[in-house]
Amino acid sequence: LVSDASGRYLALPSGPKTTFSTDYTRFAYALGSNFNAPAPGAYSQADRTVVKGALALPKITPGYYITPTVSFQSNTYNATPYTAGSVPNAQGFTIPTFSLDSGLAFERDAAELKGFFGRDMLLTMEPRAFYVYTPFESQAQTPLFDTADAGFGVSQIFSENTFVGNDRIADNNKLTGGITSRMIEANTGAERASVTLAQKQQFTAQKVGLNGNIANPTTYSDTLGSASVRLLGNLSADMFGQYNTQLNRFVQTTLGGSWRPTPGRSLNFGYRNVWQPPIQASPFNPIATQAATTTDQYNISGQWPVTRELSLVGRWGYDALTTKTLNTLIALEYVRDCIVFRSAYSQL
């Protein structure tokens, strides 16, 4: 790393970057007579080999970056059905991907914030554009062992694959644009606030689904918004929302807050709501599900001293769908010199 003329920024080295990895896994299951178990319950044993490779050409400067990447993933399977002929032969795949990630970084001295925070502050503006193209290859007869939907968040929306794990590669022709603004302490680099807005636009509909090909794929865009605030060193709040323009509704909402006036004192609150679109049946997952709210949960927790040596810790989780308590925790901690005693009661 080399400093620029001002000594404030670092010039990062550029040049090709290659990665290569391989993985071999053997899966084995003992399902008894449970033939309706979800995938990968269709197989009693399977061997999977995964090979991945990528070539990137990053160009990174203090004011901008651009990184084109070409990659591939190749899977091969040798699977034994639990019942002969009950499911198709497990098929592998070799799929390439091209991505182009780029962004800008602007910052300015925020003198107007010094009176509020009592220190020098910086404001940044960071636009980002991310394009991905992955051709479609049917994976309807590819088993599902350790793969799930990646969900949706600030990191997931700027990713090449909508799945985590090695059994699915989503077909993509999408462009994601976003902008982030941060409020940073100039001397320490501590982040006091951050706001991100991003939108993913599909040019062609995604056909690869987690449990088979999507029967009637449509193009859609997801809009993401997130914000975090750290005020006065002891009060913080976090918000996240995902709005699906095809469904015209929020499909994920998360709220959180924390108050920590002094060390050893804290009160925390959290809320999460997730709405699941309908899931279609497939040979590996014969049970279709209707659209429904799958998560509607509240969490309250905290720690507070009762005396100088004795502190109380508690947590309560509530599920609004079942109108039941998810978890309860009550604990006491006694600390004096070199003596520590803890007692806790927990119920799930």
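The values are calculated or read from the model by the stated rules, or taken from the named source; none is laboratory data. As the structure is a prediction and not an experimental result, all values here were calculated from the model. All Cβ positions, even for glycine, are placed from backbone atoms using ideal geometry, and neighbour counts span all protein chains on display. Heavy atoms of the whole protein, side chains included, go into the accessibility calculation; ligands, DNA and RNA do not. Shrake-Rupley method; radii C 1.70, N 1.55, O 1.52, S 1.80 Å.
Summary table below
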{"read-out": "Mean residue ellipticity (222 nm) of the chain, computed from DSSP H runs ≥ 4 via -39,500 (n - 2.57), nearest 500", "value": "0 deg cm²/dmol"}
{"read-out": "Listed residues Trp275, Trp316 arranged by accessible area, highest first, probe 1.4 Å", "value": "Trp316, Trp275"}
{"read-out": "Largest-first ordering by accessible area, 1.4 Å probe, given options Tyr271, Tyr24", "value": "Tyr24, Tyr271"}
{"read-out": "Global geometry of segment 106-185, whether rounded, prolate or oblate, following the gyration tensor of its Cα atoms and the 1.5 cut on a/c", "value": "prolate"}
{"read-out": "Ser102 accessible area, assembled protein chains, probe 1.4 Å, Å²", "value": "30"}
{"read-out": "Lys/Arg +1, Asp/Glu -1 at C-beta; segment 197-273 dipole; positive extreme among Phe203, Phe240, Asn268", "value": "Asn268"}
{"read-out": "Residues Thr245 and Thr328, FRET efficiency given R0 of 51 Å [Cβ-Cβ distance, rounded to 0.05]", "value": "0.80"}
{"read-out": "Residues whose placed amide H lies under 5 Å from that of Gly209, excluding near-sequence neighbours", "value": "Ile214"}
{"read-out": "Average Cα contact separation per residue, segment 83-135, under 8 Å, 6 or more apart, as relative contact order %", "value": "43"}
{"read-out": "Karplus (6.51, -1.76, 1.60) ³J(HN,Hα), θ = phi - 60°, over segment 339-348, in Hz, Gly and Pro reported as x", "value": "9, 10, 10, 10, 9, 9, 10, 9, 9, 10"}
{"read-out": "At R0 = 22 Å, FRET efficiency that the Cβ-Cβ distance of Ala56 and Ser155 yields, to 0.05", "value": "0.80"}
{"read-out": "For Asn172, distant residues with modelled amide H under 5 Å away", "value": "Thr134"}
{"read-out": "Proximal aspartates and glutamates relative to Lys52, as straight alpha-carbon distance under 15 Å, when same-chain residues fewer than 8 apart are discounted", "value": "Asp23, Glu160, Asp167"}
{"read-out": "Among Thr180, Thr142, Thr294, residue whose mean-square fluctuation peaks in a GNM of the chain (springs only between Cα atoms under 10 Å)", "value": "Thr294"}
{"read-out": "Label-point gap, in nm, between Gln297 and Phe27 - each point 7 angstrom along Cα→Cβ", "value": "2.4"}
{"read-out": "Relative contact order of the chain, defined on C-alpha pairs under 8 angstrom at six or more residues apart (%)", "value": "9"}
{"read-out": "Assigned charges on the beta-carbon of Lys, Arg, Asp, Glu; the chain dipole about Cα centre (debye)", "value": "400"}
{"read-out": "Flagged links, alpha-carbon separation over 18 Å, of Lys17/Lys59; Lys59/Lys174; Lys174/Lys200", "value": "Lys59/Lys174"}
